[in-house]
Every structure is written in structure tokens, then in C-alpha cells.
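The values are calculated or read from the model by the stated rules, or taken from the named source; none is laboratory data. A quick note: this is a predicted structure, and the numbers were derived from the prediction, not measured. No Cβ is skipped: glycine too gets one built from the backbone with ideal geometry, and neighbour counts run over all protein chains shown.
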């Protein structure tokens with residue numbers, strides 16, 4: 001990169017050089033960037049293509065997962081949730097030991113026994129942290145912190161099928177109301193649980209309400225079971 005001194009005020013390209021203005025000065029440099037044709041076909045860029053393919057797959061799955069978790073995700077009001085989820089899902093993709101690099105999927109990564117650590121370690125509500133813990137095996141929801149003024153929690157258990165081949169992710173809901181304060185809530189038997197098979201993502205989605213029945217903004221909890 002060089003700086004142009006003198007009376008010439010060129011911007012644009014000339015004889016293989018690029019001229020552009022930065023901080024009131026004319027900067028000269030050779031054109032850079034990637035050659036799209038080489039990236040698509042050159043063997044040297046195979047890792048670039050593989051990474052791009054997997055990140056794209058994670059981004060697409062993340063969009064479908066956020067859609068399957070509405071309207072609760074909207075309550076979080078997190079402008080960087082998309083990027084945070086993409087990174088978390090890419091960590092899951094690396095758990096896919098069956099497929100080759102570039103072909104790995106979230107769905108197969110979820111089958112790895114260590115995948116639960118990545119999922120459970122993800123903080124959905126950055127501004128409010130973790131308020132609850134959901135133990136699917138014990139069928140119990142633990143309230144570690146209850147929002148001030150909250151007298152009721154609406155708990156939605158959502159079982160999501162992580163099928164990457166579908167346009168949207170299918171899910172089944174069980175909804176309960178819990179009077180607060182309450183340290184733990186045992187989830188009663190329900191016929192819906194009979195339809196819940198293996199391989200599903202099990203979420204507890206908790207909304208808190210005040211004594212007048214109004215939703216407490218920013219307090220919605222999303223927990224994995």
C-alpha cells in the first residue's frame with residue numbers, strides 16, 4: 001500500500017492499481033480479494049470450500065431452530081443470537097465423526113454423547129443469565145432465581161426433531177402453569193410424553209408473569225433438558 005503525493009486526485013483503477021480515498025488521502029494498492037473461480041474449483045481452496053459449506057449449513061439450521069423456538073426467542077431481544085448460535089452449532093458439527101469434512105451435519109453431531117455439553121453450556125438469555133435448570137430424566141424444572149414481582153411461570157416443554165432435510169423443524173408441546181415462588185416443579189405425567197422418541201431436542205421454555213398477568217420483559221428462560 002502506498003500514499004499518492006502531488007496534484008493528482010485519482011480514485012478507481014488504473015493500469016492494474018487501485019486508487020481510493022482514506023482519511024483525506026489518496027491510497028494506492030494492487031487489487032486484492034479472492035478469485036471466485038479459483039475458490040470454486042482449485043484444489044488449494046478445498047478447506048475454504050469445506051468450511052464455507054459447513055458454516056452455511058449451520059446458519060441454515062440455526063434459522064430453522066430459532067423458528068422452532070418462537071415466540072420465546074423473540075422475547076430475548078438478542079441481536080447477536082444468530083452469530084452465537086452459528087458458532088455453537090458449528091461446534092456440534094465437529095462432533096459428526098461419520099461424515100467427511102465439508103459434509104458434516106448438525107443432526108449427526110447431535111448423536112455424539114459429548115454434544116449435550118455444548119448444548120447445555122449455551123447461554124440463551126445473555127442479559128439475564130440462567131434462571132432455571134431442566135432435568136428431563138427427573139422430569140423436574142428447578143427455579144434457581146425468580147424474577148422480582150413474578151407470581152406465575154408458564155412452562156412450555158418443546159420436543160423438536162432436528163431433521164435438516166425439512167423446510168421447518170417439527171415439534172410437540174406440553175404446557176404447564178407454575179405458581180411462584182417455587183424452588184422446583186415436578187412435571188406431571190402426560191400422554192404427550194408417550195409420543196416423544198429418541199433423538200429429539202428437549203427444551204424447557206419459561207415465561208414469567210407478574211400479579212396482573214403481564215409478561216415480564218427480558219426474563220424469558222430457555223433451557224435444554
*Inspect all residues belonging to segment 143-158 and state whether any of them is closer than 24 Å to residue 58 by Cβ and touching a strand residue (DSSP E or B) at 6+ places or on another chain (Cβ under 8 Å).*
yes
*What single numbered condition from (1) modelled with pLDDT of 90 or more; (2) surrounded by fewer than 16 Cβ atoms within 10 Å (Cβ to Cβ); (3) over 12 Å from the mean Cα position of the chain (by Cα) fails to hold for residue 76?*
(2)
*Can you tell me which of 61, 122, 72, 143 is touching a helix residue (DSSP H, G or I) at 6+ places or on another chain (Cβ under 7 Å) and within 30 Å of residue 178 (Cα to Cα)?*
122
_Of the residues 104, 149, only one is farther than 15 Å from residue 222 by Cβ, touching a helix residue (DSSP H, G or I) at 6+ places or on another chain (Cβ under 6 Å) and in the same structural domain as residue 198 (by TED's automatic domain parsing); which?_
104
*segment 92-134, residues that are loosely packed, with under 15 Cβ neighbours inside 10 Å and not in a loop (DSSP other than H, G, I, E, B)*: 116, 117, 120
*Yes/no for residue 66 being part of a loop (DSSP other than H, G, I, E, B), surrounded by 15 or more Cβ atoms within 10 Å (Cβ to Cβ) and at negative phi*: no
*Considering (1) at positive phi; (2) crowded, with 17+ Cβ neighbours inside 10 Å, say which one residue 207 fails and leave the rest.*
(1)
*Go through segment 135-169 and give me each residue that's over 22 Å from residue 89 (Cβ atoms) and in a loop (DSSP other than H, G, I, E, B).*
137, 138, 139, 144, 145, 146, 147, 148, 149
_Condition first: in contact with a strand residue (DSSP E or B) (Cβ under 7 Å, 6 or more places away or on another chain), at pLDDT below 85 and in a loop (DSSP other than H, G, I, E, B). Now tell me which residues in segment 183-225 satisfy that._
190, 196, 225
